[in-house]
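A.B. asks: Pasting a structure below so you can have a look.
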Amino acid sequence: METSAPDLVMNASVVPALVQTLVLLLAGFVPAAVSGLVLGTLLGLNRWTAGAAKYLLQIPASLPAVLLIPILLILLKQTEPIGSLLVAFSTFWVVAIYTAIGIQRARRHQNQMFFAIPSIFQGLRFGLMLAWSVMITADILLSSNQTLGGYIWDLYNQGTQSLKPVVNAAIAVMVTAFLMDQILNFVGFLIQKRLKPKVSEPAQIAE
């Protein structure tokens with residue numbers, strides 16, 4: 001008996017898989033972003049270290065995170081934490097580089113963080129999108145059934161002939177990425193607006 005697309009959606013809802021993926025994503029992204037902000041700030045305090053960071057940190061940042069999957073499988077003997085570790089690896093370098101650049105811009109403007117925020121949040125947004133892509137890819141490769149990538153791969157393995165559930169899951173991936181990016185963008189806008197330097201009004205010349 002052929003299984004219809006609605007049956008597949010009912011049997012394995014995309015919502016729990018999406019929630020589980022977000023939990024694993026944040027478990028890797030948050031500590032990596034905080035660590036990257038700290039390292040980037042320290043490197044950005046000196047123009048020489050900030051300049052060097054842009055090139056030296058590009059070396060590990062250029063390594064595709066999915067290449068670490070075999071290494072982590074050998075070391076950990078389990079698949080569950082691998083997605084979060086790959087997210088952390090992808091996020092850390094990007095956030096550190098952009099933060100160092102942002103801090104240097106602030107130092108060129110009398111240490112006003114207003115000028116650092118755009119670069120810092122650009123790094124956070126770029127790191128988050130990269131982490132999201134890595135997370136979904138790792139889930140598919142590892143066949144993690146409880147996650148969104150695993151859910152998409154499961155639909156294929158179940159032999160469904162309908163594209164509808166796969167497209168719905170893909171839309172969920174895109175919409176989630178868009179919402180996360182816009183949230184970060186809005187937070188950055190609010191922080192930058194709060195830190196905007198106040199322009200003092202010119203003193204009036206007495207007549």
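The values are calculated or read from the model by the stated rules, or taken from the named source; none is laboratory data. Because the structure is a prediction, the values reported are computed rather than measured. Virtual Cβ from ideal backbone geometry, glycine too; neighbours counted across all protein chains shown. To get the accessible areas, we keep the full protein, side chains included, count just its heavy atoms, and leave off ligands, DNA and RNA. Shrake-Rupley method; radii C 1.70, N 1.55, O 1.52, S 1.80 Å.
A.B. asks: Please find the FRET efficiency linking ALA27 to MET113, where r is the Cβ-Cβ separation and R0 is fixed at 25 Å, and quote it to the nearest 0.05.
C.D. replies: Values: r = 28 Å, r/R0 = 1.12.
Step by step, r from the Cβ atoms, then E = 0.35.
A.B. asks: Beta carbons within 10 angstrom, averaged per residue: use that to sort the peptides 124-130, 108-114, highest first. Mind showing how you got there, number by number?
C.D. replies: Details: 124-130: 20.9, 108-114: 12.7.
Ranking the peptides 124-130, 108-114 by packing returns 124-130, 108-114.
A.B. asks: Further question on the same structure: For the chain, modelled as a GNM with alpha-carbon contacts under 10 angstrom, which of ALA170, ALA131, ALA65 fluctuates the most?
C.D. replies: Highest fluctuation among the options: ALA170.
A.B. asks: How are the Cα pair distances of the range 60-159 distributed, in percent, across 10 Å bins from 0?
C.D. replies: Calculated P(r), rounded to whole percents: 16, 35, 25, 15, 8, 1, 0.
A.B. asks: How large is the translational diffusion coefficient of the range 5-101 in µm² per second when you combine the Kirkwood radius over alpha carbon pairs with Stokes-Einstein at 10 °C and 1.306 mPa s? List each step's numbers first, then the result.
C.D. replies: Working: Rh = 15.1 Å.
Calculated translational D: 105 µm²/s.
A.B. asks: Using 0.36 nm per residue of separation minus the Cα-Cα distance, give me the extension gain between ARG47 and ASN185 in nm, one decimal.
C.D. replies: Extending this stretch completely gives an extra 47.0 nm.
A.B. asks: So, one more: How large are Rg and Dmax for the chain when calculated on the C-alpha trace, in angstrom?
C.D. replies: 21.7, 94
A.B. asks: Considering only protein heavy atoms and a probe of 1.4 Å, how much of the accessible area of the chain is carbon and sulfur, as a whole percent?
C.D. replies: 66
A.B. asks: Now for a different question. For Cα pairs less than 8 Å apart in space and 6+ apart in sequence, what is the mean separation divided by the residue count of the chain, i.e. the relative contact order in percent?
C.D. replies: 26
A.B. asks: Counting only heavy atoms of protein chains, what accessible area per residue, in Å², does the chain have with a probe of 1.4 Å?
C.D. replies: I get 61 Å² per residue for the chain.
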